Amino acid sequence: QKEVEQDPGPLSVPEGAIVSLNCTYSNSAFQYFMWYRQYSRKGPELLMYTYSSGNKEDGRFTAQVDKSSKYISLFIRDSQPSDSATYLCAVIYGQNFVFGPGTRLSVLP
Amino acid sequence: DSGVTQTPKHLITATGQRVTLRCSPRSGDLSVYWYQQSLDQGLQFLIHYYNGEERAKGNILERFSAQQFPDLHSELNLSSLELGDSALYFCASSPPSGNTEAFFGQGTRLTVV
């Protein structure tokens, strides 16, 4: 079992849709949870991070963590074509960052 | 701009050769991480350095090595290169106040022919 799993997609949605991206992890010792966005052939950029169960909102993005289920979600409201990218969830374990394989999202105009 | 600088951006070399990838972390960051990303693959952790010391190793081949220098820049050395080593190599740094965020460079695209 991989430590962090994501549906690789691709996921295609129309512009303006609400997007839900999900991630599961295997180790309850993971404490910090992050979402990164990676445009094609670019370095990943940090979108959001959180360390507690519950929701964290930043503009059109909401990160949700359910530690009891070991489940992480990222919601994107009013999705835009510029949101088309690969979204990677990541956890911190000790001093290491462990990344999921990423979900490729396409937002169609 | 994340503040992490990687050079070169592109590298084309032949099988059997050796290359060195360079990373300058963000000002003040003590941790440097190296990752490999092959086509349509996720980020594979290679190695982590903190203030000049190796802290963790991931799936790093014996042909690969890294070091972090006193000025905190890091180099990843890849030797006896094979076609399968073609990938994007990313460096990331994180602040010393607790590893809660990793900031990535733009990567070095290595092509082995």
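Table for the structure above
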read-out: Within segment B:14-55, strands (runs of 3 or more DSSP E) holding 1 or more residues that are more than 13 Å from chain A (Cβ to nearest Cβ); value: B:19-24
read-out: Residue match in segment A:76-97 (condition: among the aromatic types (Phe, Trp, Tyr), crowded, with 21+ Cβ neighbours inside 10 Å and at pLDDT 95 or above); value: yes
read-out: Those strands (runs of 3 or more DSSP E) lying entirely in chain A with at least 3 residues of a type in the set (S, T, N, Q), more than 12 Å from every other protein chain (Cβ to nearest Cβ) and under 11 Å from the mean Cα position of the chain (by Cα); value: A:19-25
read-out: Condition broken by B:Gln67, with the remaining ones in (1) in contact with a Gly (Cβ under 9 Å, 6 or more places away or on another chain); (2) more than 19 Å from A:Tyr93 (Cβ to Cβ); (3) within 12 Å of chain A (Cβ to nearest Cβ) satisfied; value: (3)
read-out: Any hit, segment A:59-72, residues being surrounded by fewer than 13 Cβ atoms within 10 Å (Cβ to Cβ) and more than 23 Å from A:Ser28 (Cα to Cα); value: yes
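The values are calculated or read from the model by the stated rules, or taken from the named source; none is laboratory data. These numbers were taken from a predicted model, which means no experiment stands behind them. When we count neighbours, we look across all protein chains shown, and the Cβ atoms used for this are built from the backbone with ideal geometry, even at glycine.
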